[in-house]
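Undergrad: Here's a structure for you.
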(Lines give C-alpha, C1' and ligand atoms only; values in the text may rest on other atoms or scores of the structure.)
Protein backbone atom coordinates (compact mmCIF):
# COMPACT_ATOMS: atom_id res chain seq x y z
CA UNK A 1 0.00 0.00 0.00
CA UNK A 2 1.48 3.31 -0.97
CA UNK A 3 1.54 6.44 1.08
CA UNK A 4 -1.41 8.38 -0.32
CA UNK A 5 -3.67 5.36 -0.09
CA UNK A 6 -2.30 4.50 3.30
CA UNK A 7 -3.42 7.93 4.41
CA UNK A 8 -6.80 7.53 2.77
CA UNK A 9 -7.59 3.95 3.75
CA UNK A 10 -6.03 3.30 7.13
CA UNK A 11 -7.09 6.48 8.93
CA UNK A 12 -9.85 4.66 10.83
CA UNK A 13 -7.48 4.50 13.78
CA UNK A 14 -8.58 3.67 17.32
CA UNK A 15 -8.27 6.69 19.66
CA UNK A 16 -7.30 6.49 23.30
CA UNK A 17 -8.81 8.90 25.82
CA UNK A 18 -7.51 10.76 28.83
CA UNK A 19 -9.02 12.85 31.61
CA UNK A 20 -7.00 16.07 31.39
CA UNK A 21 -7.34 16.65 35.11
CA UNK A 22 -5.59 13.40 36.10
CA UNK A 23 -2.49 11.44 35.24
CA UNK A 24 -3.03 8.33 33.14
CA UNK A 25 -3.36 5.17 35.20
CA UNK A 26 -2.06 1.81 34.06
CA UNK A 27 -4.58 -0.67 32.71
CA UNK A 28 -4.84 -3.43 35.29
CA UNK A 29 -5.28 -6.60 33.17
CA UNK A 30 -2.09 -8.54 33.82
CA UNK A 31 -1.09 -12.16 33.41
CA UNK A 32 -2.83 -14.81 31.34
CA UNK A 33 -6.40 -13.91 30.30
CA UNK A 34 -8.94 -16.02 28.42
CA UNK A 35 -9.89 -13.51 25.74
CA UNK A 36 -13.41 -13.39 24.30
CA UNK A 37 -15.68 -16.26 23.41
CA UNK A 38 -16.71 -16.67 19.77
CA UNK A 39 -19.75 -15.75 17.74
CA UNK A 40 -21.35 -18.73 15.99
CA UNK A 41 -23.21 -18.64 12.67
CA UNK A 42 -24.79 -21.96 11.63
CA UNK A 43 -26.17 -23.09 8.31
CA UNK A 44 -27.35 -26.67 8.69
CA UNK A 45 -24.37 -28.67 9.99
CA UNK A 46 -21.80 -26.11 8.82
CA UNK A 47 -20.51 -23.45 11.21
CA UNK A 48 -18.78 -20.09 10.97
CA UNK A 49 -16.93 -19.13 14.15
CA UNK A 50 -16.03 -15.44 14.54
CA UNK A 51 -13.47 -13.88 16.87
CA UNK A 52 -14.12 -10.21 17.59
CA UNK A 53 -10.81 -8.34 17.70
CA UNK A 54 -10.27 -5.16 19.68
CA UNK A 55 -7.64 -2.44 19.64
CA UNK A 56 -6.12 -1.16 21.81
CA UNK A 57 -5.66 -3.93 24.38
CA UNK A 58 -3.72 -3.99 27.66
CA UNK A 59 0.05 -4.13 27.22
CA UNK A 60 0.88 -6.49 30.04
CA UNK A 61 -1.32 -9.51 29.51
CA UNK A 62 -1.02 -12.82 27.71
CA UNK A 63 -4.00 -13.99 25.67
CA UNK A 64 -4.81 -17.63 26.38
CA UNK A 65 -5.63 -18.89 22.88
CA UNK A 66 -6.76 -22.41 23.83
CA UNK A 67 -10.36 -22.01 22.62
CA UNK A 68 -9.21 -20.40 19.38
CA UNK A 69 -6.61 -23.11 18.74
CA UNK A 70 -9.16 -25.87 19.23
CA UNK A 71 -11.66 -24.33 16.83
CA UNK A 72 -9.05 -23.51 14.19
CA UNK A 73 -7.68 -27.05 14.38
CA UNK A 74 -11.13 -28.37 13.47
CA UNK A 75 -11.66 -25.81 10.68
CA UNK A 76 -10.84 -25.82 6.98
CA UNK A 77 -10.74 -22.05 6.26
CA UNK A 78 -9.59 -18.86 7.99
CA UNK A 79 -11.57 -15.84 6.77
CA UNK A 80 -9.87 -12.48 7.37
CA UNK A 81 -11.47 -9.00 7.26
CA UNK A 82 -11.90 -7.42 3.84
CA UNK A 83 -9.07 -5.26 2.62
CA UNK A 84 -8.36 -2.74 -0.10
CA UNK A 85 -5.30 -2.63 -2.33
CA UNK A 86 -4.15 -0.97 -5.54
CA UNK A 87 -2.88 -2.12 -8.90
CA UNK A 88 0.39 -0.17 -8.52
CA UNK A 89 3.47 -2.34 -8.92
CA UNK A 90 6.51 -2.21 -6.65
CA UNK A 91 8.77 -0.25 -9.00
CA UNK A 92 6.03 2.17 -9.95
CA UNK A 93 5.50 2.73 -6.26
CA UNK A 94 9.15 3.61 -5.81
CA UNK A 95 8.83 6.22 -8.54
CA UNK A 96 6.14 7.98 -6.48
CA UNK A 97 8.41 8.43 -3.45
CA UNK A 98 9.42 12.02 -4.20
CA UNK A 99 5.88 13.13 -4.97
CA UNK A 100 4.52 12.14 -1.56
CA UNK A 101 6.88 14.42 0.37
CA UNK A 102 4.81 16.95 2.30
CA UNK A 103 1.50 15.16 1.71
CA UNK A 104 0.48 15.54 5.37
CA UNK A 105 1.05 19.28 5.48
CA UNK A 106 -1.71 21.87 5.38
CA UNK A 107 -2.07 23.56 1.99
CA UNK A 108 -0.85 27.14 1.56
CA UNK A 109 1.57 26.80 4.51
CA UNK A 110 -1.25 27.15 7.02
CA UNK A 111 -0.79 26.17 10.66
CA UNK A 112 -3.32 24.57 12.96
CA UNK A 113 -4.02 27.86 14.72
CA UNK A 114 -5.05 29.30 11.33
CA UNK A 115 -7.58 26.52 10.76
CA UNK A 116 -8.90 25.41 14.15
CA UNK A 117 -11.48 27.56 16.01
CA UNK A 118 -9.92 29.39 18.95
CA UNK A 119 -11.63 27.47 21.80
CA UNK A 120 -10.93 24.10 20.21
CA UNK A 121 -7.32 25.08 19.56
CA UNK A 122 -6.88 25.95 23.24
CA UNK A 123 -8.08 22.47 24.18
CA UNK A 124 -5.65 21.02 21.63
CA UNK A 125 -2.74 22.89 23.21
CA UNK A 126 -3.51 21.42 26.65
CA UNK A 127 -3.41 17.87 25.31
CA UNK A 128 -0.45 18.56 23.02
CA UNK A 129 1.61 19.86 25.94
CA UNK A 130 0.63 16.84 28.01
CA UNK A 131 1.43 14.12 25.48
CA UNK A 132 3.69 15.61 22.80
CA UNK A 133 5.45 18.52 24.46
CA UNK A 134 7.34 21.23 22.60
CA UNK A 135 6.92 20.20 18.97
CA UNK A 136 6.31 22.99 16.48
CA UNK A 137 6.40 20.80 13.39
CA UNK A 138 3.07 19.18 14.26
CA UNK A 139 1.43 22.59 13.98
CA UNK A 140 2.05 22.48 10.22
CA UNK A 141 0.16 19.25 9.46
CA UNK A 142 -3.51 18.76 8.68
CA UNK A 143 -5.89 18.46 11.67
CA UNK A 144 -6.64 14.84 10.74
CA UNK A 145 -3.00 13.78 11.06
CA UNK A 146 -2.35 15.99 14.08
CA UNK A 147 -5.19 14.20 15.88
CA UNK A 148 -3.73 10.83 14.90
CA UNK A 149 -0.29 11.81 16.21
CA UNK A 150 -1.80 12.96 19.49
CA UNK A 151 -3.59 9.62 19.81
CA UNK A 152 -0.40 7.66 19.22
CA UNK A 153 1.50 9.62 21.86
CA UNK A 154 -1.32 9.29 24.40
CA UNK A 155 -1.62 5.56 23.96
CA UNK A 156 2.10 5.07 24.56
CA UNK A 157 1.55 6.38 28.10
CA UNK A 158 -1.73 4.61 28.84
CA UNK A 159 -0.81 1.00 29.54
CA UNK A 160 -2.56 0.02 26.32
CA UNK A 161 -1.21 -1.49 23.12
CA UNK A 162 -2.59 -0.21 19.81
CA UNK A 163 -1.11 -3.13 17.89
CA UNK A 164 -1.85 -6.32 19.85
CA UNK A 165 -1.19 -8.52 16.77
CA UNK A 166 -4.39 -10.52 17.20
CA UNK A 167 -4.62 -11.21 13.46
CA UNK A 168 -1.02 -12.42 13.27
CA UNK A 169 -1.56 -14.81 16.16
CA UNK A 170 -4.65 -16.28 14.49
CA UNK A 171 -2.90 -16.57 11.12
CA UNK A 172 0.07 -18.32 12.73
CA UNK A 173 -2.24 -20.96 14.23
CA UNK A 174 -4.09 -21.34 10.92
CA UNK A 175 -0.89 -21.81 8.92
CA UNK A 176 0.38 -24.39 11.38
CA UNK A 177 -2.85 -26.35 10.84
CA UNK A 178 -2.72 -25.82 7.05
CA UNK A 179 -6.00 -23.95 6.71
CA UNK A 180 -6.87 -22.10 3.53
CA UNK A 181 -6.58 -18.39 4.35
CA UNK A 182 -9.03 -16.13 2.51
CA UNK A 183 -8.73 -12.34 2.57
CA UNK A 184 -11.58 -10.71 0.60
CA UNK A 185 -9.89 -7.99 -1.46
CA UNK A 186 -11.06 -5.05 -3.54
CA UNK A 187 -8.47 -3.76 -6.04
CA UNK A 188 -8.41 -0.07 -6.93
CA UNK A 189 -7.17 0.83 -10.38
CA UNK A 190 -5.19 4.09 -10.34
CA UNK A 191 -4.53 5.51 -13.78
CA UNK A 192 -2.50 8.52 -12.64
CA UNK A 193 -1.37 8.23 -8.98
CA UNK A 194 1.01 11.21 -9.23
CA UNK A 195 -1.86 13.47 -10.27
CA UNK A 196 -3.95 12.14 -7.38
CA UNK A 197 -1.18 12.91 -4.89
CA UNK A 198 -0.70 16.40 -6.32
CA UNK A 199 -4.41 17.11 -6.06
CA UNK A 200 -4.53 15.81 -2.48
CA UNK A 201 -1.76 18.19 -1.43
CA UNK A 202 -3.72 21.20 -2.67
CA UNK A 203 -7.19 20.12 -1.55
CA UNK A 204 -9.00 21.13 1.61
CA UNK A 205 -10.32 18.38 3.88
CA UNK A 206 -13.42 18.60 6.00
CA UNK A 207 -11.54 17.22 8.97
CA UNK A 208 -12.48 19.65 11.75
CA UNK A 209 -15.11 17.21 13.03
CA UNK A 210 -12.47 14.47 13.18
CA UNK A 211 -10.15 16.78 15.11
CA UNK A 212 -12.91 17.89 17.48
CA UNK A 213 -14.20 14.36 18.17
CA UNK A 214 -10.68 13.11 18.86
CA UNK A 215 -10.01 15.95 21.32
CA UNK A 216 -13.34 15.25 23.02
CA UNK A 217 -12.54 11.57 23.37
CA UNK A 218 -9.09 12.28 24.73
CA UNK A 219 -10.74 14.41 27.39
CA UNK A 220 -13.50 12.08 28.60
CA UNK A 221 -13.24 8.47 27.39
CA UNK A 222 -10.20 6.98 29.12
CA UNK A 223 -12.11 4.94 31.68
CA UNK A 224 -14.40 3.42 29.04
CA UNK A 225 -11.33 2.58 26.96
CA UNK A 226 -9.78 0.76 29.91
CA UNK A 227 -13.02 -1.09 30.57
CA UNK A 228 -13.27 -2.25 26.94
CA UNK A 229 -9.70 -3.50 26.96
CA UNK A 230 -10.10 -5.36 30.24
CA UNK A 231 -13.48 -6.76 29.19
CA UNK A 232 -11.94 -8.21 26.01
CA UNK A 233 -9.02 -9.68 27.94
CA UNK A 234 -11.41 -11.31 30.41
CA UNK A 235 -13.87 -12.56 27.79
CA UNK A 236 -16.70 -10.27 28.96
CA UNK A 237 -18.60 -9.50 25.75
CA UNK A 238 -21.64 -8.29 27.71
CA UNK A 239 -19.53 -5.54 29.22
CA UNK A 240 -18.19 -4.52 25.82
CA UNK A 241 -21.72 -4.36 24.40
CA UNK A 242 -22.78 -2.08 27.25
CA UNK A 243 -20.09 0.49 26.48
CA UNK A 244 -20.86 2.94 23.64
CA UNK A 245 -18.32 3.34 20.86
CA UNK A 246 -17.29 6.98 20.32
CA UNK A 247 -17.87 8.37 16.84
CA UNK A 248 -14.45 9.98 16.34
CA UNK A 249 -13.25 7.01 14.28
CA UNK A 250 -16.06 7.36 11.76
CA UNK A 251 -15.62 11.15 11.67
CA UNK A 252 -11.93 10.77 10.82
CA UNK A 253 -12.38 8.17 8.10
CA UNK A 254 -15.29 10.15 6.64
CA UNK A 255 -13.09 13.24 6.35
CA UNK A 256 -11.04 11.38 3.74
CA UNK A 257 -13.64 9.09 2.23
CA UNK A 258 -15.96 12.01 1.44
CA UNK A 259 -13.22 14.16 -0.11
CA UNK A 260 -13.00 14.91 -3.82
CA UNK A 261 -9.78 12.95 -4.14
CA UNK A 262 -11.44 9.88 -2.61
CA UNK A 263 -14.19 10.08 -5.21
CA UNK A 264 -11.62 10.47 -7.98
CA UNK A 265 -9.82 7.25 -7.11
CA UNK A 266 -12.93 5.15 -6.61
CA UNK A 267 -13.51 5.12 -2.85
CA UNK A 268 -17.21 5.93 -3.10
CA UNK A 269 -19.23 3.70 -0.75
CA UNK A 270 -16.10 1.72 0.03
CA UNK A 271 -17.31 0.69 3.50
CA UNK A 272 -20.41 -0.90 1.98
CA UNK A 273 -18.36 -2.61 -0.72
CA UNK A 274 -15.90 -4.08 1.78
CA UNK A 275 -18.75 -5.29 3.97
CA UNK A 276 -20.54 -6.93 1.04
CA UNK A 277 -17.29 -8.56 -0.10
CA UNK A 278 -16.78 -10.13 3.32
CA UNK A 279 -20.38 -11.36 3.57
CA UNK A 280 -20.16 -12.98 0.14
CA UNK A 281 -17.03 -14.91 1.14
CA UNK A 282 -18.52 -15.85 4.52
CA UNK A 283 -21.65 -17.31 2.94
CA UNK A 284 -19.58 -19.14 0.33
CA UNK A 285 -17.28 -20.67 2.94
CA UNK A 286 -20.24 -21.66 5.12
CA UNK A 287 -21.76 -23.50 2.20
CA UNK A 288 -18.57 -25.36 1.27
CA UNK A 289 -16.90 -26.13 4.60
CA UNK A 290 -17.89 -27.85 7.80
CA UNK A 291 -16.08 -25.25 9.90
CA UNK A 292 -14.80 -21.76 9.06
CA UNK A 293 -12.92 -19.51 11.48
CA UNK A 294 -13.15 -15.75 10.92
CA UNK A 295 -11.81 -12.58 12.53
CA UNK A 296 -13.58 -9.21 12.50
CA UNK A 297 -13.24 -6.03 14.56
CA UNK A 298 -15.63 -6.36 17.46
CA UNK A 299 -17.22 -3.04 16.48
CA UNK A 300 -18.49 -4.84 13.37
CA UNK A 301 -20.18 -7.50 15.48
CA UNK A 302 -22.04 -5.52 18.15
CA UNK A 303 -24.76 -2.87 17.87
CA UNK A 304 -27.41 -2.14 15.27
CA UNK A 305 -24.90 -2.00 12.41
CA UNK A 306 -23.47 -5.47 13.02
CA UNK A 307 -22.31 -7.51 10.02
CA UNK A 308 -24.33 -10.37 11.49
CA UNK A 309 -27.53 -8.56 10.56
CA UNK A 310 -26.70 -9.18 6.88
CA UNK A 311 -27.14 -12.95 7.11
CA UNK A 312 -30.65 -13.99 5.96
CA UNK A 313 -32.47 -14.93 9.16
CA UNK A 314 -34.42 -17.72 7.52
CA UNK A 315 -31.25 -19.61 6.56
CA UNK A 316 -28.79 -18.91 9.37
CA UNK A 317 -28.80 -19.32 13.16
CA UNK A 318 -26.65 -16.79 15.00
CA UNK A 319 -25.47 -17.21 18.57
CA UNK A 320 -23.64 -14.41 20.33
CA UNK A 321 -21.27 -14.96 23.26
CA UNK A 322 -22.47 -13.88 26.69
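Undergrad: Mind checking which residues of segment 123-138 are surrounded by 11 or more Cβ atoms within 10 Å (Cβ to Cβ) and either under 26 Å from the mean Cα position of the chain (by Cα) or not in a loop (DSSP other than H, G, I, E, B) (or both)?
TA: Across segment 123-138, the qualifying residues are 123, 124, 125, 126, 127, 128, 129, 130, 131, 132, 138.
Undergrad: Within segment 40-71, count every residue that is assigned to a helix (DSSP H, G or I) and surrounded by fewer than 21 Cβ atoms within 10 Å (Cβ to Cβ).
TA: 5
Undergrad: If I go through segment 72-87 residue by residue, how many of them are touching a helix residue (DSSP H, G or I) at 6+ places or on another chain (Cβ under 9 Å), farther than 16 Å from residue 270 by Cα and in a loop (DSSP other than H, G, I, E, B)?
TA: Adding up the residues that qualify gives 3.
Undergrad: Please tell me if residue 183 is closer than 30 Å to residue 79 by Cβ, under 19 Å from the mean Cα position of the chain (by Cα) and at pLDDT 90 or above.
TA: yes
Undergrad: Take the residues in segment 279-322 that are closer than 25 Å to residue 229 by Cβ and in a helix (DSSP H, G or I); name whichever of them is modelled with the lowest pLDDT.
TA: So, considering only residues that are closer than 25 Å to residue 229 by Cβ and in a helix (DSSP H, G or I), the one modelled with the lowest pLDDT is 299.
Undergrad: So, in segment 184-193, exactly how many residues are surrounded by fewer than 15 Cβ atoms within 10 Å (Cβ to Cβ) and outside any strand (DSSP E or B)?
TA: Residues flagged as surrounded by fewer than 15 Cβ atoms within 10 Å (Cβ to Cβ) and outside any strand (DSSP E or B) within segment 184-193 amount to 3.
Undergrad: Please go through (1) closer than 27 Å to residue 223 by Cα; (2) out of contact with any helix residue (DSSP H, G or I) (no Cβ under 6 Å at 6 or more places or on another chain); (3) modelled with pLDDT under 85; (4) buried (at least 18 other Cβ atoms within 10 Å of the Cβ) for residue 250 and return the number of the only condition it doesn't satisfy.
TA: Residue 250 satisfies every listed condition except (4).
Undergrad: Can you pull out every residue in segment 174-183 that is assigned to a strand (DSSP E or B) and touching a helix residue (DSSP H, G or I) at 6+ places or on another chain (Cβ under 8 Å)?
TA: Selection gives 181, 182.
The values are calculated or read from the model by the stated rules, or taken from the named source; none is laboratory data. Here the structure is a predicted model, which means the values were calculated and not measured. Ideal geometry is used to build each Cβ from the backbone, glycine not excepted, and the neighbour counts take in all protein chains shown.
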